[in-house]
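To start, the structure itself, in structure tokens.
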Amino acid sequence: MVQVTVAGMILDQHTRGPVLLLHIPPLNKYLPIWIGPSEAASIGMVLKKEKFERPLTHDLVATIIDGLGGRISKVTITDQRDNTFYAKIYIERGQDVVGIDARPSDSIAIALRTGAPIFVAETVLNREKNHLLALDEETTRSIFNKSENDMFVEEEGPPQDPLDLEDENGSPGQGDEEL
């Protein structure tokens, strides 16, 4: 397992859907995961340090686990099959540890709320090696040095568009759900 961090989110130029970018420090590359708009909004709130007036679903899950005496020990992205990523949320309670199957976007939204580390299986990184993004310094700066109120980056036009994320068949790349 390789520990990753949430670098931010961007919009896919072709699908106009949100893409979560996980930074892989040892490789200095980014793993893109297509997510749904609701999960993107939830993750975006945490990244922007915003709170909703009432608890949202991911806040509720974290509160329930805490209220039952558990804690999220880690989140892992365990597999990628048929353009879908798979993840597990690990919950500790005393000496017991339970791994629960979940979508990566939900897992990451909960991990961000609880401070749990996020890992990606090396087999997933090996399988996705041709889809990892190696962003040049200028592109990285333009994407990640936005004000904290900017959740998404939209590049204008095709020049140096690092995220032309369609495969050779014109289909969106792999994600945790089809958009």
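Readers should treat all values here as calculations from the given coordinates under stated rules, not as data from a laboratory. These numbers come from a predicted model, not from an experiment. Heads up, the Cβs are rebuilt from the backbone with ideal geometry, glycines too, and the neighbour counts pull from every protein chain shown.
Observations
- Of all the residues in the range 1-58, those that are touching a residue at least 40 places away in the same chain (Cβ under 8 Å), of a type outside the set (A, V, I, L, M, F, W, C), surrounded by 17 or more Cβ atoms within 10 Å (Cβ to Cβ) and not in a loop (DSSP other than H, G, I, E, B) number 9.
- Just one of (1) in contact with a helix residue (DSSP H, G or I) (Cβ under 9 Å, 6 or more places away or on another chain); (2) of a type outside the set (Lys, Arg); (3) within 19 Å of residue 4 (Cα to Cα) fails for residue 55. It is (3).
- Residue selected from the range 61-83 under the condition buried (at least 16 other Cβ atoms within 10 Å of the Cβ) and β-branched (Val, Ile, Thr), by the criterion farthest from residue 99 (Cα to Cα): 61
- Residues being within 17 Å of the chain's Cα centre (by Cα) and closer than 21 Å to residue 17 by Cβ - total across the range 41-56: 8
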